[in-house]
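See structure below.
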Amino acid sequence: MQTTETLQAQAGQESVLALAPRRHHKMNRRKRNEYIMGWVFIAPLTIGFLLFTAVPLVLAIYYSFTSYDLFSPPQWIGLANFAEIFAGDTDWYMRSLLNALIYTIGVPLGAAISLVIAAMLCNISRGSTVLRMIFYIPTICGSVAITFIWQWMFASHYGILWEFLESLGFQLTNAFGFLDEERFMSSMIFMGLWAGVGGSLLLFYSSLQNISHDLYDAAALDGANGFQKFWHITMPGVSPVLFYVLLTGIVGSFQAFTQFQVMTGDVISEYSVMPVWWIYRYITGEWGYRYGLASAMGLLLGLILIVISAVQFIASKYWVKY
């Protein structure tokens with residue numbers, strides 16, 4: 001015969017087994033609720049990515065192999081759009097890529113200026129916050145507003161820069177202009193430096209603050225000069241930020257559009273045309289709503305940016321120190 005203790009133990013085990021499925025059921029329901037809430041939180045970003053990135057990209061790839069004018073069904077033409085690009089029938093598209101490459105000169109130049117100013121601000125005990133704010137103000141202004149301001153400053157005869165040079169004794173003629181063909185891109189680079197230095201400056205400033213001063217003290221004890229400290233301590237310390245600034249800056253330079261359109265008054269020329277601006281002309285119907293050709297140009301530009309970014313990532317293994 002079973003004792004009272006044995007019967008009670010068996011009853012306890014049965015009760016535990018009876019409760020186990022319920023507990024397991026509660027845990028599954030809790031996890032399911034967590035999954036649902038997770039999807040709810042990421043739904044806006046996911047939907048936005050699908051509607052404005054993934055779906056347009058797939059359609060652009062398809063349209064690049066078709067002849068499509070928005071008013072009739074797409075007609076498959078294979079690689080004809082790409083052949084037209086490389087055959088030069090699209091006039092200035094290749095020239096726009098060259099202009100974009102020239103415009104990227106301002107990226108390393110701006111990074112160098114930002115780094116120098118950031119290093120100077122790190123050595124200022126008072127007023128550093130105010131100066132950083134002043135440098136950063138152009139970054140938060142709209143590109144259209146900035147372009148209108150510099151359009152007025154670059155203007156001939158009554159522009160601020162024109163009057164400034166005349167006050168220094170320069171005899172300027174009607175043949176001189178900051179926005180003339182031979183000086184247009186250098187003027188745009190100068191405007192880009194003024195507008196973009198502030199953002200890079202804050203990144204470099206934060207990066208410099210994270211470099212330990214003990215490294216500089218140890219280098220001083222070893223007899224290192226200023227250049228050696230900069231090259232062996234400062235540059236490795238800010239190299240991740242420098243890589244980020246160069247990568248995003250070059251990609252942004254190839255996608256520049258608004259400031260060039262506004263600066264020229266939407267009058268395109270060989271010296272001012274940029275890739276996105278040229279693609280925009282085909283999309284808006286100025287040359288017949290050639291969506292297929294515009295998609296091919298966009299894909300080519302995207303591939304160029306992918307190659308440039310891949311080269312930068314490969315090269316970063318040799319000079320970026322994390």
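Sort through Ile134, Ile42, Ile61, Ile85 and tell me the only one that's assigned to a helix (DSSP H, G or I), free of Cβ contacts under 8 Å to residues at least 60 places away in the same chain, more than 22 Å from the chain's Cα centre (by Cα) and under 25 Å from Ser253 (Cα atoms).
On the way: Ile42 fails: under 25 Å from Ser253 (Cα atoms); Ile61 fails: free of Cβ contacts under 8 Å to residues at least 60 places away in the same chain; Ile85 fails: free of Cβ contacts under 8 Å to residues at least 60 places away in the same chain.
Unique residue meeting the criteria: Ile134.
Please give the number of the condition Ala145 fails out of (1) in a helix (DSSP H, G or I); (2) free of Cβ contacts under 8 Å to residues at least 40 places away in the same chain; (3) farther than 20 Å from Gln261 by Cα.
(3)
Does Ala219 satisfy the condition of being farther than 23 Å from Phe313 by Cα and either within 27 Å of the chain's Cα centre (by Cα) or small (Gly, Ala, Ser) (or both)? Working first, answer last.
Working: farther than 23 Å from Phe313 by Cα: yes; either within 27 Å of the chain's Cα centre (by Cα) or small (Gly, Ala, Ser) (or both): yes.
Spelling it out, Ala219 is indeed farther than 23 Å from Phe313 by Cα and either within 27 Å of the chain's Cα centre (by Cα) or small (Gly, Ala, Ser) (or both).
Among (1) more than 29 Å from Leu242 (Cβ to Cβ); (2) hydroxyl-bearing (Ser, Thr, Tyr); (3) under 25 Å from the mean Cα position of the chain (by Cα), where does Tyr158 come up short?
(3)
If you take just the helices (runs of 4 or more DSSP H) that sit entirely in segment 182-252, which of them hold at least 3 residues that are among the aliphatic types (A, V, I, L, M)? Write out each step before concluding.
Working: elements: 184-209, 213-221, 226-229.
Fully inside segment 182-252 and qualifying: 184-209, 213-221.
Would you mind stating whether Phe71 is of a type in the set (Phe, Trp, Tyr), closer than 22 Å to Ile283 by Cβ and in a loop (DSSP other than H, G, I, E, B)? Break it down into steps so the answer makes sense when it comes.
Numbers: of a type in the set (Phe, Trp, Tyr): yes; closer than 22 Å to Ile283 by Cβ: yes; in a loop (DSSP other than H, G, I, E, B): yes.
For Phe71, the condition - of a type in the set (Phe, Trp, Tyr), closer than 22 Å to Ile283 by Cβ and in a loop (DSSP other than H, G, I, E, B) - is met.
Could you identify the single residue in Tyr291, Tyr280 that is at pLDDT 90 or above and farther than 28 Å from Ser200 by Cβ? Full working, then the answer.
Details: Tyr280 fails: farther than 28 Å from Ser200 by Cβ.
None of the others qualify; the one that does is Tyr291.
Do we have Leu98 as at pLDDT 90 or above and assigned to a helix (DSSP H, G or I) here? First the steps, then the outcome.
On the way: at pLDDT 90 or above: yes; assigned to a helix (DSSP H, G or I): yes.
Yes.
Being modelled with pLDDT of 90 or more and exposed (fewer than 12 other Cβ atoms within 10 Å of the Cβ): is that true of Ile42 here? So that I can check it myself, show each step before the final result.
Details: modelled with pLDDT of 90 or more: yes; exposed (fewer than 12 other Cβ atoms within 10 Å of the Cβ): yes.
Answer is yes for this residue.
I'd like the residue in segment 195-215 that is more than 20 Å from Thr129 (Cβ to Cβ) and surrounded by 15 or more Cβ atoms within 10 Å (Cβ to Cβ) and, out of all such residues, is farthest from the chain's Cα centre (by Cα).
Going through the qualifying residues, I end up with Leu215.
The values are calculated or read from the model by the stated rules, or taken from the named source; none is laboratory data. Given the structure is predicted, the values throughout are model-derived calculations rather than measurements. Cβ atoms come from the backbone with ideal geometry, glycine included; neighbour counts cover every protein chain shown.
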